[in-house]
Amino acid sequence: MRLPQLQIESQPIRLDIQSRKAQVDIRQPRAEVSVQTTRPSLDVQPNRPVLQIDQTATWNAINGGKPEAFTQRIYSDTPAVMQQHAARTIQKWRQIADLQVKSDPLPDVALSEAFRERAPRQVFGPASLFNTRISVEVRKPDISLTPGDVDIQVQTHRPQVDYARGSVQYTVTQYPKVIVTPPPLVELQA
């Protein structure tokens, strides 16, 4: 035997959806940049080298030098000359006073005095290759530096934004429904 069945049908909803995208338009003007520079300055003052030539010892050797130095050399040499003269004189008189010599010593002493070499006097300075002294003083230049400068000014602008909203439109083209069909009436027989 067949049992009656309940018949159910469903119909889904149908939607019609239309969407429109949002639109954004962004514009931003360029930034304004202002640059100002100050040049650095460099000031250099050269210092000339100083050359010193000392020829005092050279002139002392050539012509005796300045009168003060010439006189000083003679004065400082005088005690040594006096000692040599005194020693020579004492030797002369000892030779004359020597009684052991049988001959007359005066002609020999006179002859030796006539032809004797004079003691050299230190009238002039010593001759040398290094009498002239040269000195050079090199001085550094005076340098003054003024540093440069850069001044940068930037003016920015805000962006301009235009915004158009998007939209969504929906419509129901078919509403949902459920159809329930009852079974047919069946008589039951006993």
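The values are calculated or read from the model by the stated rules, or taken from the named source; none is laboratory data. Bear in mind the structure is a predicted one, so any value in this text is a computation, not a measurement. Note that each Cβ is placed from the backbone with ideal geometry, even for glycine, and that neighbours are counted across all protein chains shown. Only protein heavy atoms, including side chains, enter the accessible area calculation; ligands, DNA and RNA are left aside. Shrake-Rupley method; radii C 1.70, N 1.55, O 1.52, S 1.80 Å.
Here is how the numbers come out for the structure above:
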read-out	value
Residue in segment 29-36 that is within 30 Å of Asp151 (Cβ to Cβ), in contact with a Pro (Cβ under 9 Å, 6 or more places away or on another chain) and open to solvent by 100 Å² or more (accessible area, probe 1.4 Å) present	no
Residue match in segment 55-72 (condition: open to solvent by 80 Å² or more (accessible area, probe 1.4 Å), among the hydrophobic types (A, V, I, L, M, F, W, C) and within 30 Å of Val150 (Cα to Cα))	no
Qualifying residue in segment 39-51 (condition: open to solvent by 100 Å² or more (accessible area, probe 1.4 Å) and in a strand (DSSP E or B))	yes
Residue list for segment 96-141, restricted to those being in a strand (DSSP E or B) and not β-branched (Val, Ile, Thr)	Arg133, Ser135, Glu137
Whichever residue in segment 142-177 is part of a loop (DSSP other than H, G, I, E, B) and surrounded by 10 or more Cβ atoms within 10 Å (Cβ to Cβ) and, among such residues, is farthest from the chain's Cα centre (by Cα)	Pro176
